[in-house]
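Notes follow the structure.
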Amino acid sequence: MQKIFFETIRKMIIAKTLSEFEAAYRSLPRKSDIGFVPTMGALHQGHISLVKKSVSESSHTIVSIFVNPTQFNNRQDLENYPRHPEQDCVLLKETGVDIVFIPRTEDIYPEEDNRIFDLGGLDRYGEGPRRPGHFNGVAQVVTRLFDIVKPARAYFGEKDFQQVAIISYFVKNLNYPVRIVPCPIVREEDGLAKSSRNTLLTSRQREAAPHIYKTLCLAAEWMKESTPQQVAEKVKTEIDKNPLLETEYVEIVNAETLQPVSGWDEARHIRLWCAVYARPVRLIDNIQLK
Ligand code: PAF
């Protein structure tokens, strides 16, 4: 009873610089069992589900909020990215998080980061060619944050399916002692995948957006009679029927190698992923087909 009481009123520290973070970190009694949720803020229930999982599995949970400039290949996208850290902290307060780390750019990049990462070719399709440098930027910030936070586990949402696969790859490749925990996509009641970018949609675009997931669900039916290529085409045609939506790509890939498949028997697990514009907002989603 006593323990539960103290757990609930445990204080959440907000660290706004690296030295503030280091002071807060020193006060944690079990540094070997830290759960970490890296985010770019504008938190929603998808993030909160990661935080709750970490809190339930870890002695301490640390959340970072940092809009990482090196993973944006479009300046406008970086400038428009939603930012409201105060609101984020209110949302985190009831979750049992120990430290919210909101670093400044100079805390993460005291000097220019020129590191180029081996991503094992997992960036060859999907977001890779459409956002050159994006995953290398993700690798830069995630490794930097791991070096600072030294977590035992880190939690990532499967809405960014390719990101989770790439992070798992370089973490293993570089021998980071961190377990990557993929967490299922959290959706709105109408099926739209929760995303910080959803707040940028106009009300008409917001009404149109669930058409993406509805179509992905149809793909699971279409695969019974069509090849992967035909299914990808049908998905694109169906999404584009809505005048407010415009698909950038639809691909059907081996969920392990992330290479496109031409037959359903080619892989044990198969994922369909897509990017769709509700201009200027760009939404991504995916579904497991097999
Ligand atoms: O998924 C995100 O929000 C970001 O790519 C991440 C992992 C926090 C790195 O900036």
Practice problem: Could you look through the stretch 78-89, keep only residues that are of a type in the set (D, E, K, R) and open to solvent by 40 Å² or more (accessible area, probe 1.4 Å), and pick out the one that is farthest from the ligand (Cβ to nearest atom)? | Solution: Glu86
Quiz item: Going by the conditions given, is Thr247 of a type in the set (S, T, N, Q), within 20 Å of Gly128 (Cα to Cα) and surrounded by 18 or more Cβ atoms within 10 Å (Cβ to Cβ)?
Solution: yes
Practice problem: Taking Gly137 as the residue in question, decide whether it is within 14 Å of the ligand (Cβ to nearest atom) and on the phi > 0 side of the Ramachandran plot. | Solution: no
Self-check item: Unmet requirement for Glu94, which otherwise passes all of (1) of a type outside the set (A, V, I, L, M, F, W, C); (2) out of contact with any strand residue (DSSP E or B) (no Cβ under 6 Å at 6 or more places or on another chain); (3) modelled with pLDDT of 95 or more
Solution: (3)
Quiz item: Would it be correct to say that Gly35 is modelled with pLDDT of 95 or more and part of a loop (DSSP other than H, G, I, E, B)?
Solution: no
Quiz item: Only one of (1) within 21 Å of Asn68 (Cα to Cα); (2) more than 15 Å from the chain's Cα centre (by Cα) fails for His134. Which number is that?
Solution: (2)
Exercise. Say whether the condition of being near the ligand (Cβ under 10 Å from one of its atoms), in contact (Cβ under 8 Å) with a residue 60 or more places away in the chain and either closer than 24 Å to Glu57 by Cβ or in contact with a Cys (Cβ under 6 Å, 6 or more places away or on another chain) (or both) is met by at least one residue in the stretch 165-174.
Key: no
Quiz item: Looking at the stretch 153-172, is at least one residue of a type outside the set (Asp, Glu) and in a loop (DSSP other than H, G, I, E, B)?
Solution: no
Exercise. Output the qualifying pairs, or none if there are none: Cβ atoms under 8 angstrom, residues six or more apart or on different chains, first residue in the stretch 99-128 and assigned to a helix (DSSP H, G or I), second residue surrounded by fewer than 18 Cβ atoms within 10 Å (Cβ to Cβ).
Key: Thr105/Pro69; Asp107/Thr17; Asp107/Leu18
Quiz item: Name the residues in the stretch 257-290 that are assigned to a loop (DSSP other than H, G, I, E, B) and touching a helix residue (DSSP H, G or I) at 6+ places or on another chain (Cβ under 8 Å), would you?
Solution: Leu258, Val261, Ser262, Gly263, Pro280, Leu289, Lys290
Quiz item: How many residues, within the stretch 201-224, are within 18 Å of Lys290 (Cβ to Cβ) and not in a helix (DSSP H, G or I)?
Solution: 2
Quiz item: Counting only residues that are within 13 Å of the ligand (Cβ to nearest atom) and not in a helix (DSSP H, G or I), how many does the stretch 140-150 have?
Solution: 0
Exercise. Tell me, yes or no, whether the stretch 165-174 has at least one residue that is over 17 Å from the mean Cα position of the chain (by Cα), of a type outside the set (D, E, K, R), open to solvent by less than 10 Å² (accessible area, probe 1.4 Å) and modelled with pLDDT of 95 or more.
Key: no
Practice problem: Mind listing whichever residues of the stretch 93-106 are of a type outside the set (Lys, Arg) and over 30 Å from Tyr277 (Cα atoms)? | Solution: Glu94, Thr95, Gly96, Val97, Asp98, Ile99, Val100, Phe101, Pro103, Glu106
Quiz item: Out of the stretch 54-77, which residues are surrounded by fewer than 18 Cβ atoms within 10 Å (Cβ to Cβ) and away from the ligand (no atom under 15 Å from the Cβ)?
Solution: Ser56, Glu57, Ser59, Arg75, Gln76
Practice problem: Taking Glu127 as meeting all but one of (1) buried (at least 18 other Cβ atoms within 10 Å of the Cβ); (2) more than 13 Å from the ligand (Cβ to nearest atom); (3) under 18 Å from Phe72 (Cα atoms), write down the number of the exception. | Solution: (2)
Practice problem: Identify all residues within the stretch 185-196 that are within 15 Å of the ligand (Cβ to nearest atom) and either surrounded by fewer than 18 Cβ atoms within 10 Å (Cβ to Cβ) or modelled with pLDDT of 95 or more (or both); write none if there are none. | Solution: Ile185, Val186, Ala193, Lys194, Ser195
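The values are calculated or read from the model by the stated rules, or taken from the named source; none is laboratory data. Note that the structure is predicted; figures quoted are calculated from it, not measured. We place every Cβ from the backbone using ideal geometry, glycine too, and count neighbours over all the protein chains shown. For accessibility, only protein heavy atoms count, side chains too; no ligands or nucleic acids. Shrake-Rupley method; radii C 1.70, N 1.55, O 1.52, S 1.80 Å.
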